[in-house]
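Chemist: Structure provided below as structure tokens; questions to follow.
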Amino acid sequence: MNTEKTLRIAVADDEADTRLFFQELLPHLGHQVVSVAETGRQVLAQCRTTRPDLVITDIKMPDMDGLQAAAEVNREARVPVILVTAHHEGDVLARTGEDYIMGYLAKPIKPVDLQVAVRMAIIRFETMQTLVREAADLRKALEDRKLIERAKGIIMKRLGVDEEEAFRRLRKLASNQNHKLVDVAQQVAAAEEVFRQMDHSLFPEKAPGKAALHRPRPAP
């Protein structure tokens with residue numbers, strides 16, 4: 001998928017104002033809303049006929065929650081999913097580790113957050129699909145994805161750039177070196193470990209647990 005092209009998007013939410021928000025904003029961002037659902041079963045049925053490029057679904061919905069619906073949709077055809085929720089409970093976030101979950105939005109949703117989430121979801125999904133093709137199995141692909149996410153975090157911290165720019169630079173480096181993306185991510189992670197070891201050897205007081213060793217004793 002090209003992140004600049006018009007995406008065919010299915011949306012699902014049990015709140016009418018949220019559905020209207022997506023219906024009005026997504027076309028303004030250059031995309032087409034091909035399905036609008038109020039329940040999990042509705043979005044599943046509609047995705048079977050519309051075959052969207054992306055699904056944006058609320059988690060808490062009647063009859064079948066968004067996570068269940070997303071899982072069923074992806075059993076039939078691989079499609080990236082962005083989850084939307086007004087809830088921040090840890091158990092909800094813990095259930096969002098599937099390889100097709102590419103983004104997360106908390107209500108109330110800001111237009112700029114939606115725009116970024118859509119763009120990043122497609123980029124991440126493309127990368128995941130590439131990793132699946134390159135890897136021997138899905139488990140290896142998931143491990144590679146974690147390594148790439150770690151490398152992105154390192155680049156963001158070192159260069160002071162956002163996630164999208166960090167990912168762009170990582171992909172450009174892989175392309176320039178004619179290496180797989182995961183191999184370059186491994187190089188970044190290895191380099192960061194070298195810098196960490198050098199930092200601790202030159203400045204041992206920064207190492208965890210070292211501060212207590214150098215703390216002066218209180219006067220008697």
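The values are calculated or read from the model by the stated rules, or taken from the named source; none is laboratory data. Everything numeric in this text was worked out from a predicted model, so none of it was measured. Positions of Cβ are backbone-derived with ideal geometry, glycine not excepted, and every protein chain shown enters the neighbour counts.
Chemist: Would you confirm, using the coordinates I've provided, whether LEU170 is more than 17 Å from the chain's Cα centre (by Cα) and either at pLDDT below 85 or farther than 30 Å from PHE22 by Cα (or both)?
Modeler: no
Chemist: On to the next question. From the set of residues in segment 180-191 that are modelled with pLDDT of 90 or more and of a type outside the set (A, V, I, L, M), which is surrounded by the fewest Cβ atoms within 10 Å (Cβ to Cβ)?
Modeler: Per the criteria, the residue is ASP183.
Chemist: Another one. Of all residues in segment 50-86, which are of a type in the set (Gly, Ala, Ser), in a loop (DSSP other than H, G, I, E, B) and under 17 Å from ARG19 (Cα atoms)?
Modeler: Once the filter is applied, which keeps residues that are of a type in the set (Gly, Ala, Ser), in a loop (DSSP other than H, G, I, E, B) and under 17 Å from ARG19 (Cα atoms), segment 50-86 yields only ALA86.
Chemist: Restricting to segment 105-133, give me the number of residues that are within 30 Å of ALA174 (Cα to Cα), surrounded by fewer than 16 Cβ atoms within 10 Å (Cβ to Cβ) and modelled with pLDDT of 85 or more.
Modeler: 2
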